[in-house]
1. On the given criteria, is Leu30 under 26 Å from Arg185 (Cα atoms) and either of a type in the set (D, E, K, R) or outside any helix (DSSP H, G or I) (or both)?
2. Identify, please: which residue in segment 6-18 is assigned to a loop (DSSP other than H, G, I, E, B) and among the aliphatic types (A, V, I, L, M) and is, among those, surrounded by the most Cβ atoms within 10 Å (Cβ to Cβ)?
3. Tell me the residue from Asp41, Asp64 that is acidic (Asp, Glu) and surrounded by 13 or more Cβ atoms within 10 Å (Cβ to Cβ), please.
4. When you check Ser109 against the structure, is it over 21 Å from Leu211 (Cα atoms), free of Cβ contacts under 8 Å to residues at least 24 places away in the same chain and polar (S, T, N, Q), yes or no?
5. If you go through segment 19-37, how many residues are without any contact (Cβ under 8 Å) to a residue 40 or more places away in the chain, on the phi < 0 side of the Ramachandran plot and surrounded by fewer than 17 Cβ atoms within 10 Å (Cβ to Cβ)?
6. What are the residue pairs meeting all of these: first residue in segment 115-131, first residue farther than 12 Å from Leu50 by Cβ, second residue among the polar types (S, T, N, Q) and surrounded by 13 or more Cβ atoms within 10 Å (Cβ to Cβ), Cβ atoms under 9 Å, and 6 or more apart or on different chains?
7. Return the pair list, or none, for Cβ contacts closer than 6 Å from residues in segment 63-84 that are assigned to a loop (DSSP other than H, G, I, E, B) to residues that are crowded, with 24+ Cβ neighbours inside 10 Å and of a type outside the set (Phe, Trp, Tyr), at least 6 apart or on different chains.
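The values are calculated or read from the model by the stated rules, or taken from the named source; none is laboratory data. Predicted model only: the values in this text are computed from it and were never measured. Note that we place each Cβ from the backbone using ideal geometry, even for glycine, and neighbour counts take in every protein chain shown.
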Amino acid sequence: MLSDRLRVLYLHGFASSPTSRKAQFFAAGLRSRGLELEIPDLAQGDFEHLTITRQLQIVERLLDGAPATLIGSSLGGYLAALYASYHPEIHRLVLLAPAFDFYHLWLSSLGPEAVAAWKRNRTMPVFHYAGSREMPLDFEFIRDAARFTPFPHFLQPALLFHGNLDPVVPLQYSLLFAATHPNVRLIRLNSGHELTDVLDAIWLESQSFVLDSDLAPK
């Protein structure tokens with residue numbers, strides 16, 4: 001069976017969860033093809049102390065060196081790229097509006113005064129989409145993010161989907177990344193950051209890329 005040879009993980013975005021629409025969409029599509037999608041909770045019930053380091057550790061513990069395909073959305077896409085850059089056993093990636101240069105994206109979106117207040121107060125209220133409410137986020141989140149390279153270099157094949165109208169992560173980031181990585185195929189879509197209105201198009205392009213048994217690890 002394909003599921004005996006191939007593991008696929010979905011890494012959800014910031015302030016999201018395994019119940020996100022995109023995660024469940026991919027889970028349903030893969031299940032219809034006989035494969036269960038693994039969707040870890042990257043906050044592990046502790047959003048306040050979320051960091052990129054902690055999220056990468058969750059993926060590392062779950063896979064324990066096993067080959068897998070990674071699907072990642074927004075911050076999850078950035079995490080997938082980071083993880084693949086450290087782990088050559090990762091087979092391939094599907095990146096949905098990956099939040100490249102995550103640290104500077106946050107700094108520019110908040111501004112210096114808000115960042116200073118966050119550092120001074122230690123926590124900052126952030127709207128959590130899955131919880132439908134504001135939750136505190138520790139300043140260590142942004143301090144930890146500064147440790148990581150803005151554009152992780154990996155050699156595995158990847159599909160990269162990005163909306164032409166994305167107001168959160170500039171399309172230019174994905175254009176530059178694809179231009180310097182011949183292993184990455186960029187597919188531009190007439191959509192925003194969430195990409196939830198073009199999921200059928202994404203599935204049409206990505207299902208054979210993920211599921212082709214001739215390309216899966218043996």
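1. The answer is no for Leu30.
2. Only one residue tops the list, namely Leu6.
3. Among Asp41, Asp64, only Asp41 is acidic (Asp, Glu) and surrounded by 13 or more Cβ atoms within 10 Å (Cβ to Cβ).
4. So Ser109 passes the test.
5. 5
6. Tyr129/Ser16; Tyr129/Ser17; Tyr129/Ser20; Ala130/Ser16; Ala130/Ser17; Ala130/Ser20; Gly131/Ser17
7. Ser74/Gly13; Ser74/Ala97; Ser74/Ala99
Okay, residues lined up against (1) of a type outside the set (A, V, I, L, M, F, W, C); (2) within 21 Å of Leu137 (Cβ to Cβ):
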| residue | (1), (2) |
| --- | --- |
| Pro18 | yes, yes |
| Gly29 | yes, no |
| Ile58 | no, yes |
| Arg61 | yes, no |
| Ile71 | no, no |
| Ser74 | yes, yes |
| His91 | yes, no |
| Ala99 | no, yes |
